[in-house]
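Here is the structure we will look at.
Only the coordinates and a few stated rules stand behind these numbers; no lab work does. If you're wondering where the values come from, they're calculated on a predicted model, not measured in any experiment. Backbone-built Cβ (ideal geometry, glycine too); neighbour counts: all protein chains shown.
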Amino acid sequence: MTEIRSVVHALTVVDRVMAEGGVRVREIAEDLGIAPSSAHRLLGTLASRDYVVQDPYSRVYRPGAALLSLAGGGMENREIRRSAHRPMESLAAATGESVSLSVLVRSEVEFVDGIESAHVLRASPRIGARIPAYGTAGGRVMLADLAPADVAGMFGGGLKKLTDHTVDTMPDLAGMLARIRQAGYAVSRGESTEGISAVAVPLRDVTGRTVAGLAVVAPTERLPDNGLSVLIDQLQQAAAAFSTSLGNRGMN
């Protein structure tokens, strides 16, 4: 069977990115025996289709949303879950509420881990579910880390209301994300599920790249505005513990 060299090269890159977690242009050029300029174009093509994403700090190409989706969560998500789970347990114990972990998959969030509150009336983590990122606190802290033009491109078809409270215009979303960038956290109140509120912070790797959203989720009456400052401090402590754990695992 005749192989198509460009396809073989692309699949080789995908295999290596998934196996090692990240690659550089020089490494791909040496591995494939091609010029660095050709390796750069190959990685650029994969990046244009969301199969890889380049870290702006290290210049390393890592698995992108499309590749992680094909891999059923992929290696990076497994490392995120491993590094986040102990801080999530501590956060759930400290707050007494449910805790959820989500990652961005194109324009949606996927809930990849969660700890359920012991309260009779509680918000249950929706592990494995995907919903539009703009409708959740965890999704919005991840969107806030993106360039405004990229966010606008994600939702070119408009925003669909999930409940009566969901943000539904791009100007409103843009203003909301600007405030989240400034504050460092996001709050949603009944925007994906009536009667349920959430407070979320971004989880970052050691380079500062946002890789997930961590949220405390509860019935709205148990998350009053005047009690959020303590909760935000607890979330930020969990986020710091996550970054330390992720760095110790070598995902940077």
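Descriptive notes on the structure:
- In the chain, the DSSP-assigned H stretches of four residues or longer account for a calculated mean residue ellipticity at 222 nm of -14000 deg cm²/dmol, using -39500 (n - 2.57) per stretch and the full residue count as denominator.
- Using θ = phi - 60° and Karplus 6.51 cos²θ - 1.76 cosθ + 1.60, couplings along the stretch 123-139 (whole Hz; Gly, Pro as x): 9, 8, x, 9, 4, x, 6, 10, 9, x, 5, 5, x, 10, 5, x, x
- Estimated translational D of the chain in µm²/s (Stokes, Kirkwood radius over Cα pairs; 37 °C; 0.692 mPa s): 173 µm²/s
- Placing dummy labels 7 Å off each Cα toward the beta-carbon, the span from A149 to D225 is 3.6 nm.
- Degrees between helix 228-248 axis and first principal axis of the chain (Cα, 0 to 90, nearest 10): 30 degrees
- GNM remark for the chain: springs join alpha carbons under 10 Å apart, and the peak mean-square fluctuation among A29, A137, A47 falls on A29.
- GNM top mover of G114, G157, G190 - the chain, alpha-carbon springs below 10 Å: G157
- The chain: most fluctuating residue of S98, S192, S90 per GNM, C-alpha cutoff 10 Å: S90
- 0 to 90° range, to nearest 10: angle between helix 5-20 axis and the chain longest Cα axis: 50 degrees
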